[in-house]
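Since every read-out is calculated from the coordinates, none of them should be taken as a lab result. Here the structure is a predicted model, which is why all the values come from computation and not from measurement. Don't worry about glycine lacking a Cβ; one is built from the backbone with ideal geometry, like all the others, and counts go over all protein chains shown.
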Amino acid sequence: MLTYLVRRSLLVVVTIWGVMTILFGLQHLSGDPTLLLLPSDATEEMRRTLLHQLGLDRSLPVQYLAFLGHTLTGNLGLSWKFNQPAFGIVASAFPATLELTGAALVLALAVAIPLGILAALHRDTWIDTMASSIAVLGQSMPVYWSGLLLILLFSTTLRLLPSMGAEGLAALILPAVTLGFNTMARIERITRASMLEVLGQDFIRTIRAKGMPEHLVLFRHGLRNAAVPIVSMVGLQLGGLLGGAVIIETVFAWPGVGRLAVNAVYARDFPLVHAACLVVTLTFCLVNMLVDVLCAGLNPQIRLE
Amino acid sequence: MRRMPTKALLGIAVLAVVVVCALLAPLIAPYDPNDQDILNSLAPPLTRGAEGGLHLLGTDRLGQDIMSRIIYGTRVSLIVAFGAAGASALVGVPLGLAAGFLGRVAESAVLVLADMILSIPFILLALVVMSVLGASLFNLVIAFAMVRWAQFARVAYALSLELREREYVLACRAGGVSMPRTLLVHVLPNMLGPLTVIFTLELAFAVLMESGLSFLGLGAPPETPSWGGMLQEGRDELDTAWWLTAAPGLAIMATVIAWNFIGDWVRDRLDPRTQGVLR
């Protein structure tokens, strides 16, 4: 177990190094940032000073090594736009993203698991058809569109819920529902499939024949054995949730890392882009590691090596 | 032969409409998609235009006919989807094969690189790439290929793990058939089924993500009619003109559902043994 954790952690470090290298490469492909940062009538002198201040007048290998060193210490430099430490800006936006994705995930699970179990129990009835229609919608509706439709209905027309900002619980509802819809669809499908497989097995027939109450059959034996694919799916969906948050936060003006990243990309504010990508990638890697450990805990047949 | 399931038929029907619209857009579209009619700005659906023509789905802020823009939007959607999935497959499948057949160094290199790329949310990485390259259809294809090759590489690798132990592949290698020939003539054709499924699902993904990037303003260039770009305009007029938002979203959703239905159908028809790999 310990060796597994050490090896996985090393892999996370390699991943982060790779991601940062890609971002470093992209930054240098994008040309001279001083053209964007300085007024068009700036002198050559001013340009040189700024390049020196940003450390961009050094040779590429030196810049690259310095960049990696700064990544290690979490000091990615000052945001070009806000003139504050980029990492600090991202860190202060991170709780909002965590709140949004967390709420979306909880909502998704709360709907998907009961719906998936119901669909599996009533296979090929109207319940199953309804559940799978909802799943198809969830998988195919673009999040930015379902977000706009919900705003249209609940904010513009019914005036029930706010369409932007992060003031209070009411403001969380629309973005979280929008973001959770797609995840819900995928978890519902895997729950249904996994439950169908487990419920068809011999031991379920045996305990039913022995007269075990149906709720125990379903939850203690059925769901427990069906859990591993579901938990793995939740881990896989995290990437989708974080990616969806990038768009959803922009649609709902939610003050999280996603909206920050989009605005940083528009402004070519590379320190801020780097910090946002670093935080998002690290979150993704760590949660996936946690999910794998959880799966091993749920099913003793899985050996982590 | 078994009858085709309703879902697959529905998917093919929707895509037939999309393809016909893309090919014959100038003939089908009632207006030029970039024809501005400022006097008829933000006209609701079923409004009559200046020359008495009908705006079936209304007009946008510049008075451009939404129906026509939706019809021309099929072009962006199809070109980017096929370009993106095709380019990703062209890069990813050879790398996946290399990982499966060329020894441990190639294996680790490709797999670690694929994991790396797939651990940043696609939309975030694609946004950065697009901001560096600039908004254009060609750059969209490049951005997809740079990231999504990893998906194809993983699947091709998983399939080659199984194929490389098969007798006929072992026989080729023992008989001295060159590696490129073994891979091209004997291994690749036996992967085409599962790869087709991944390709189809990738088309659905590309339609969604292309419109997402266009929605954020870093996909199709602004003057090209694209569904995502139309949604972006619609967002600004959400309070006053719902029709800007409704139509392009429906178009995206219908296309994505169609690709998914076809993908599911192809998957169901395949050898059940490959299902674990595809999931």
Radius 13 Å from Cβ of B:L218, net charge of other residues (Lys, Arg +1; Asp, Glu -1)
0
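Magnitude of the Cβ-charge dipole of chain B, K/R +1 and D/E -1, about the Cα centre, nearest 20 debye? Walk me through the numbers on the way to the answer.
Values: 19 positive and 21 negative charges, 268 e Å.
In debye, rounded to 20, chain B gives about 1280.
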Going by a ≥ b ≥ c, the root eigenvalues of the Cα gyration tensor, does the stretch B:144-279 fall in the rounded group (a/c under 1.5), the prolate group (a/b larger than b/c) or the oblate group?
prolate
Residue among B:I252, B:F199, B:Q64 farthest towards the positive dipole end of chain B, charges placed on Cβ:
B:F199
Inter-centroid distance (Cα atoms) of the stretch A:164-188 relative to the stretch A:242-278, Å
18 Å
Most mobile of A:F252, A:F181, A:F154 in a GNM of chain A (Cα contacts under 10 Å):
A:F154
Got a sec to turn the phi values of the stretch A:184-193 into Karplus ³J(HN,Hα) couplings, 6.51 cos²θ - 1.76 cosθ + 1.60 with θ = phi - 60°, whole Hz, x for Gly and Pro?
4, 4, 5, 5, 4, 4, 6, 4, 4, 4
By counting other Cβ atoms within 10 Å of each Cβ, how are A:K81, A:K210 ranked from fewest to most?
A:K210, A:K81
Among B:L113, B:L9, which comes first, second and so on when ranked by fewest other beta-carbon atoms within 10 Å?
B:L9, B:L113
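Any idea what diffusion coefficient chain B gets from Stokes-Einstein, in µm²/s, Kirkwood Rh on alpha carbon pairs, 10 °C, 1.306 mPa s? Write out the running numbers ahead of the final one.
Values: Rh = 20.6 Å.
Estimated via Stokes-Einstein, D reaches 77 µm²/s.
At 4 °C and 1.567 mPa s, what whole-number value in µm²/s does Stokes-Einstein give for the translational diffusion of the protein assembly as shown, with Rh from the Kirkwood sum over Cα pairs? Present the calculation step by step, with values, prior to reporting the outcome.
Working: Rh = 26.0 Å.
Using the Kirkwood radius from Cα pairs, D works out to 50 µm²/s.
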For the stretch A:93-268, what is the largest minus smallest coordinate of the Cα atoms on each principal axis, given in angstrom and ordered from greatest to least?
64, 33, 27
Sequence-distant or interchain residues sharing an amide H contact under 5 Å with B:D37, placed H: which?
B:G63, B:Q64
Quick check for me: using +1 on Lys/Arg Cβ and -1 on Asp/Glu Cβ, what's the dipole size of chain A about its Cα centre, in debye to the nearest 20?
760 debye
Whole-Hz Karplus ³J(HN,Hα) for the stretch A:201-218, in order, using 6.51 cos²θ - 1.76 cosθ + 1.60 and θ = phi - 60°, x for Gly and Pro?
7, 4, 5, 5, 4, 4, 5, 5, 5, 6, x, 5, x, 4, 5, 6, 4, 5
Pick from A:L179, A:L35, A:L56: which residue has the top mean-square fluctuation in a GNM of chain A where Cα pairs under 10 Å get a spring?
A:L35
Cα gyration tensor shape for chain A, rounded if a/c is under 1.5, else prolate or oblate:
oblate
What dipole magnitude, in Debye to the nearest 20, does the protein assembly as shown give about its Cα centre under +1 on Lys/Arg Cβ and -1 on Asp/Glu Cβ?
1980 debye
Just check the stretch A:224-305 against the gyration tensor rule for me: Cα atoms, a ≥ b ≥ c as the square roots of the eigenvalues, rounded for a/c under 1.5, and otherwise prolate or oblate depending on whether a/b exceeds b/c.
prolate
What whole-number distance in Å separates the alpha-carbon centres of the stretch B:173-217 and the stretch A:1-44?
29 Å
Fewest-first sequence of A:T101, A:T3, A:T125, B:T182 by Cβ atoms within 10 Å of each Cβ:
A:T3, A:T125, B:T182, A:T101
